[in-house]
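Following: one structure in structure tokens, then a few remarks.
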Amino acid sequence: MSSTIKLFRNGSFRLSGYNYAKQGAYFITICTKNRVHFFGEIVKEKMILSDLGIIVASEWLKTIEIRKDMNLKLGEFVVMPDHFHAVLIIGENPYNSGHTMLSGHTMLSGHTMHCVPTEIYKNQFGPQSKNLAAIIRGFKSAVTTQARKSGNKEFNWQSLFYEHIIRNGEAFERISKYIINNPSNWLKNKKQ
């Protein structure tokens, strides 16, 4: 993915006018503060998780159990030394019923992508609930709490996270492969 350098800039990534509670597939990246390598190291193109890296993976796997009411599915994910990549799929649920992807875009249903209609949505400021931001906030908070309990007082996340709306099956497959290959590409990308 040639645009990976752009993933980690500061500022808002949210798509103006988009309701992040909608059904759809999302590619997310969350970085540690100052890109400190808290989660482990790459050895021979494989990620070796630290204790905190194991916590990250464990808390992510709990996401669908904690939020059963949101009809979530986990796609590929990988814990890297200083960041976390994942595909998260938000299915139809009581909080987004009738709210689907933007017109002309596509949505994941099982392993098939199809176009769906939508309405105009006005972004709201204030506390976020039952949407992508709330899911990520809860995940980051759970990891931070577990880090503190295990004695790691230095750990912190960057305040923002990167998200990308996955619009079709081709993009879903490309992003999934990128996530799977991230550990083996780590050293190659560091040399560039």
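Every read-out reported here was derived from the displayed coordinates using simple, explicitly stated rules and does not represent laboratory data. Nothing here was measured: the structure is a model prediction, and the numbers come from that model. When we count neighbours, we look across all protein chains shown, and the Cβ atoms used for this are built from the backbone with ideal geometry, even at glycine.
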Inset, instruction - Any chance you could run the full-extension gain for Asn189 through Arg35? It's 0.36 nm times the residue separation minus the Cα-Cα distance, nm to one decimal. - result: 53.9 nm
Inset, instruction - Grab the beta carbon distance between Glu170 and Arg148, set R0 = 30 Å, and tell me the FRET efficiency rounded to 0.05. - result: 0.15
Legend entry - Eligible aspartates and glutamates near Lys33 by straight Cα distance, threshold 16 Å, same-chain separation 8 or greater: Asp82, Glu154
Inset, instruction - Using the Karplus curve 6.51 cos²θ - 1.76 cosθ + 1.60 with θ = phi - 60°, work out ³J(HN,Hα) for each residue of the range 27-32 in order, rounded to whole Hz, and write x for Gly and Pro. - result: 9, 10, 9, 10, 10, 6
Legend entry - Distance violations [Cα-Cα > 27 Å] among Lys46/Lys177; Lys73/Lys153; Lys62/Lys149: Lys73/Lys153
Legend entry - Label point distance in nm, Ser50-Ser141, each placed 7 Å from Cα along Cα→Cβ: 2.4 nm
Inset, instruction - Starting from the Cα-Cα distance between Val43 and Lys68, subtract it from 0.36 nm times their residue separation and give me the gain in nm to one decimal. - result: 5.4 nm
